[in-house]
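Here the structure is laid out as structure tokens; the discussion comes afterwards.
What follows draws every value from the coordinates through simple rules; no lab data is involved. In this text the structure is predicted, and so the values were computed from the model without any measurement. All Cβ positions, even for glycine, are placed from backbone atoms using ideal geometry, and neighbour counts span all protein chains on display.
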Amino acid sequence: MEKYGYKFSFGPWNIHEGADPFGPPVRPTVAFDKKLEAYQRLGFDAVQFHDDDAVPNLDDKRPDQIVQEARALKQRLDAAGLVAEFVAPRLWEHPMTIDGAYTANDPAARTYARERSRKMLDIAQSLETGFVVLWLAREGTYMREAKDAARAVDLLVEAIDDMLAYAPGIRIAIEPKPNEPMDISYIPTIGHAVALGLKTRSPERMGVLVESAHAILAGLDPADEMAFGLAYDKLWSVHLNDQNGLKFDQDRSFGAVNLRRAFDQVLVLDDHRFWERGMVGLDVKAVRTQKAEAAEKHLSNSLELFLWLVERVRSLDRSAMRQLIEARDYEELDRLILSHLMGRA
Ligand code: XUL
Ligand code: MN
């Protein structure tokens, strides 16, 4: 398969039992080892980890045990021909993070979040990835009056500074999302994420990850969010997927809802040589109605669609495009793009 220099990744959570807030799992749990086997078979190069995907139950483990288990995992990755793309702290399930982690009103909860983040950094270093992603799941509120939103920014900067000082070799990308699980999230867009990074002690080690669905939920276009990150040289990873309007976070297969919107994301990534900057993560989930024996297709279909779109981007008639742009004939530009996507030009 021609991959045009791109490397692809997903997380173990992307092979999923299909539970939703209204119903239980509909597919059996796939053991982690079985998931690892799927990566290369489906054309992927790298694994994304939450800290506890890498070291289960890490809250109950000593730091030396955590490092030992993470090192053993690194060996299994080597044997499977895979690398870890990043590690992310899962700061949204523990009782200490009910009211947020870094921005919790309770100082004990904030201390828990800092300590957990240090364990996550130990895991990242043991897996030999210098890259960490922060999805700030519960850093927000349901009642605007419950927290001071300006102080929340300071608390986030302090917590990130703590991580930057603890692990001087790592880079951190923030993955913004405007809502879900919280109603009001403090870092809802790429603009917020870039600005937050600039306020930290090492702005050069702070970047962003754009997830298509998160941008759409913020009412923004994912390609433009990517372009903004690229303009600041901060786009270090992406979570491609799709989203049917302003609903819950659907994590649909890339391009499955809006093919042109997917094309525009690949266009901006490929035009800016993203394959030299980061990996293409596919944060997609099989829909709940998919049978267990066919619940990996969302991953291979998304990867294949990305590559089909790279081909469409590279075969676009750029000189015809330029002429139409010069002539300000944008209706004809519309037709050129659509006919090219339909394989008619
Ligand atoms: C949540 C989300 C997460 C992050 C990793 O919506 O996208 O999977 O990507 O913590
Ligand atoms: Mn994501």
Legend entry - Per-peptide average of other Cβ atoms within 10 Å, ordering 137-147, 230-240, 59-69 highest first: 230-240, 137-147, 59-69
Inset, instruction - Find the relative contact order for the chain and round it to a whole percent, using C-alpha pairs within less than 8 Å whose residues are 6+ positions apart. - result: 15 percent
Legend entry - Most mobile of ILE325, ILE123, ILE172 in a GNM of the chain (Cα contacts under 10 Å): ILE325
Legend entry - Nearest 10 degrees, 0 to 90: helix 330-341 Cα axis against the chain principal axis: 80 degrees
Inset, instruction - Please say if the range 176-247 is rounded, prolate or oblate, where rounded means a/c under 1.5 for a ≥ b ≥ c the square roots of the C-alpha gyration tensor eigenvalues, and otherwise the choice is prolate for a/b larger than b/c and oblate otherwise? - result: oblate
Inset, instruction - Output the antiparallel fraction of DSSP beta bridges having both residues in the chain, as a percent to the nearest 5. - result: 15 percent
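Which pairs, out of LYS247/LYS297; LYS7/LYS35; LYS74/LYS199, put more than 27 Å between their alpha-carbon atoms?
As for pairs spanning more than 27 Å Cα to Cα, those are LYS74/LYS199.
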Inset, instruction - Report the residue, chosen from ARG322, ARG171, ARG312, that carries the largest GNM mean-square fluctuation when the chain is represented by alpha-carbon nodes joined by springs under 10 Å. - result: ARG322
Inset, instruction - For the chain, set up a Gaussian network in which alpha carbons nearer than 10 Å are linked by springs, and say which option among GLU180, GLU326, GLU37 fluctuates the most. - result: GLU326
Inset, instruction - Specify the angular offset, from 0 to 90 degrees and rounded to the nearest 10, of the alpha carbon long axis of helix 32-41 from the longest principal axis of the alpha carbons in the chain. - result: 20 degrees
Legend entry - Electrostatic dipole magnitude of the chain [Cβ: Lys, Arg +1; Asp, Glu -1; Cα centre; debye, to 20]: 360 debye
Legend entry - Net dipole in debye of the range 215-345 [+1 Lys, Arg Cβ; -1 Asp, Glu Cβ; about Cα centre; nearest 20]: 300 debye
Legend entry - the chain, helix-only ellipticity at 222 nm - DSSP H runs n ≥ 4, -39,500 (n - 2.57), divided by all residues, nearest 500: -13000 deg cm²/dmol
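If we sort 151-161, 96-106 on the protection proxy, mean other Cβ atoms within 10 Å, highest first, what's the order?
Packing proxy ranking, top to bottom: 96-106, 151-161.
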Inset, instruction - Take the alpha-carbon centre of the range 1-19, take the same for the range 59-99, and report the distance between them in whole Å. - result: 19 Å
Inset, instruction - Using Cα pairs closer than 8 Å and at least 6 residues apart in sequence, work out the relative contact order for the range 176-241, in percent. - result: 34 percent
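Rounded, prolate or oblate: which fits the range 8-314 when a ≥ b ≥ c are the square roots of the eigenvalues of the alpha-carbon gyration tensor, with rounded for a/c under 1.5 and prolate only if a/b beats b/c?
Cα axes put the range 8-314 in the rounded bin.
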Inset, instruction - Describe numerically, in nm with one decimal, the distance between label points set 7 Å from Cα along Cα→Cβ at SER319 and at TYR4. - result: 2.2 nm
Legend entry - Lys, Arg +1 and Asp, Glu -1 on Cβ, resulting dipole of the range 47-151 about Cα centre, debye, nearest 20: 180 debye
